[in-house]
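Visitor: Structure provided below as structure tokens; questions to follow.
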Amino acid sequence: MRAGADARREGGRAARADRDACRRRWPDAADFVAELAETVVYLHADQFFPGWTILVLKRHATELFDLRSEERARLLEEVSQAARDVHDAFGAVKVNYALFGNQLPHVHWHGIPRLASDPAPRRSVWEVPQEAVTLSATARTERIGRLRLHLAPSSRRRR
Ligand SMILES: [Zn+2]
């Protein structure tokens, strides 16, 4: 069955991607922003949507329902605070949240600030035709620095 073989191949790719997430080899260390209580924060490699941020759960879990309720509550609180920081850092009009995990089965959130300059403010980011935007090292450092500045006070609040 070709469909079965394709599904197995896709499953193998997802498992390899997850091992990278579990060992903190994904996302790339150059995109590291901050370590919070429950998650590690990275700038998304593709910055077509400026400020797109990823929060990766520190421990391995595939589904939200696999977390104990207190852990899930802490995670959601952290994601929510980080989203506010992303919002403030980039002057977003709206923040989008996404948790899929079918390509990479390890709980990670996308926090996507939608700015006033957004090319399609009413559409999902995955529907918007786009070319990947890779920043220069200087621009990336500036963007990460801006995010750290806003994340730092909320990290302190949590301690
Ligand atoms: Zn994992």
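Visitor: Kirkwood hydrodynamic radius (Cα pairs, Å) of region 49-159?
Guide: Evaluated over region 49-159, this radius sits at 15.2 Å.
Visitor: Please identify, among HIS60, HIS87, HIS108, the residue showing maximal mean-square fluctuation in a Gaussian network model of the chain using a 10 angstrom Cα cutoff.
Guide: Maximum fluctuation in the GNM of the chain, among the listed residues, is at HIS60.
Visitor: Calculate the FRET efficiency for SER124 and GLU35 from the Cβ-Cβ distance with a Förster distance of 30 Å, rounded to the nearest 0.05.
Guide: Here the calculated transfer efficiency is 0.55.
Visitor: Consider a paramagnetic label point 7 Å from the Cα of ARG84 along Cα→Cβ; state which residues of region 132-154 have an amide N under 13 Å from it.
Guide: Inside the label zone: 151-154.
Visitor: Please report the spacing between the Cα centers of region 110-151 and region 8-36 in Å, no decimals.
Guide: The two parts, judged by their Cα centres, are 20 Å apart.
Visitor: What ranking of PHE48, PHE100, PHE65 emerges when the number of other C-beta atoms within 10 Å of each C-beta is taken as an exposure proxy, fewest first?
Guide: Ranking PHE48, PHE100, PHE65 by Cβ neighbours within 10 Å, fewest first, gives PHE65, PHE100, PHE48.
Visitor: Below 8 Å, C-alpha to C-alpha, sequence gap of six or more: please give me the relative contact order for the chain in percent.
Guide: This gives 27 percent for the chain.
Visitor: Given +1 on the Cβ of Lys and Arg, -1 on the Cβ of Asp and Glu, and no further charges, what dipole in debye does region 3-78 carry about its Cα centre, rounded to the nearest 20?
Guide: The dipole magnitude comes to about 400 debye.
Visitor: Which value, in debye to the nearest 20, describes the size of the charge dipole of region 2-158 about its Cα centre when Lys and Arg Cβ atoms bear +1, Asp and Glu Cβ atoms bear -1, and nothing else is charged?
Guide: In total the dipole reaches around 220 debye.
Visitor: Mind checking region 27-74 for GluC sites (Glu not before Pro) that DSSP puts in a loop (not H, G, I, E or B) and that have at most 10 other Cβ atoms within 10 Å?
Guide: Here the GluC sites (Glu not before Pro) that fit, given the DSSP loop and packing criteria, are GLU63.
Laboratory data are not the source of any read-out in this text; all were calculated from the coordinates shown. Computed from a predicted structure; not experimentally measured. Cβ atoms come from the backbone with ideal geometry, glycine included; neighbour counts cover every protein chain shown.
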